[in-house]
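The values are calculated or read from the model by the stated rules, or taken from the named source; none is laboratory data. Just so we're clear, the structure is a prediction, and the values are computed from it rather than from any experiment. Note that we place each Cβ from the backbone using ideal geometry, even for glycine, and neighbour counts take in every protein chain shown. Heads up: the accessible areas ignore ligands, DNA and RNA and are worked out on the full protein's heavy atoms, side chains in. Shrake-Rupley method; radii C 1.70, N 1.55, O 1.52, S 1.80 Å.
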Amino acid sequence: MKPTKAILFSFLFLIGAASVSAQGTERPDPAERAEKQAERMATVLDLTPEQAEKVREINQSFAERAKAGREDLRKQREAMQEARKTALKSVLTEEQFTKLETLQAQRMERRDERGGADRGKGKRGSGKERR
């Protein structure tokens, strides 16, 4: 497969994934997204059955790697948050640290009340500046 075709397929896949997330609906399984994208590409690009199968395999492989990458990033973010918490705990008094945790919990509750629990699932925030 020529590099330009691979780039085109990746681009079309990303566009398809972005359009799904922009709809504000619950994200389908990565395998489902890859399958739907392959079907769309087969129709739009008038692919042969052999091409369609290869595109399906490429999209599936990409979806699996992307999912693994998101999981790795989530783990890194959690580790960084834990390291920050440990560092803050070494500087703050017990009372200050407890107050900080209380304030953070309140902020999470407010975010959840605004629908912020769906962050990262294709919904955009209100655009208000964060304080």
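Could we say that GLU32 is open to solvent by 60 Å² or more (accessible area, probe 1.4 Å), at pLDDT 65 or above and in a helix (DSSP H, G or I) here?
Yes; evaluated as a whole, the condition is true for this residue.
Check off (1) over 30 Å from ARG33 (Cα atoms); (2) modelled with pLDDT under 55 for ARG124 and give me the number that stays unchecked.
It is condition (1) that ARG124 fails.
Out of contact with any Pro (no Cβ under 6 Å at 6 or more places or on another chain), closer than 30 Å to GLY115 by Cβ, at pLDDT below 95 and among the aliphatic types (A, V, I, L, M): does that describe LEU14?
When the stated conditions are applied, LEU14 passes them.
Can you find, within segment 37-94, the residue that is most open to solvent (accessible area, probe 1.4 Å) among those that are of a type in the set (Ser, Thr, Tyr) and farther than 28 Å from ALA105 by Cα?
Once the filter is applied, the top-ranked residue is THR43.
Looking at (1) open to solvent by 50 Å² or more (accessible area, probe 1.4 Å); (2) within 21 Å of the chain's Cα centre (by Cα); (3) modelled with pLDDT of 80 or more, find the lone condition where ARG27 falls short.
So ARG27 meets the others, but not (3).
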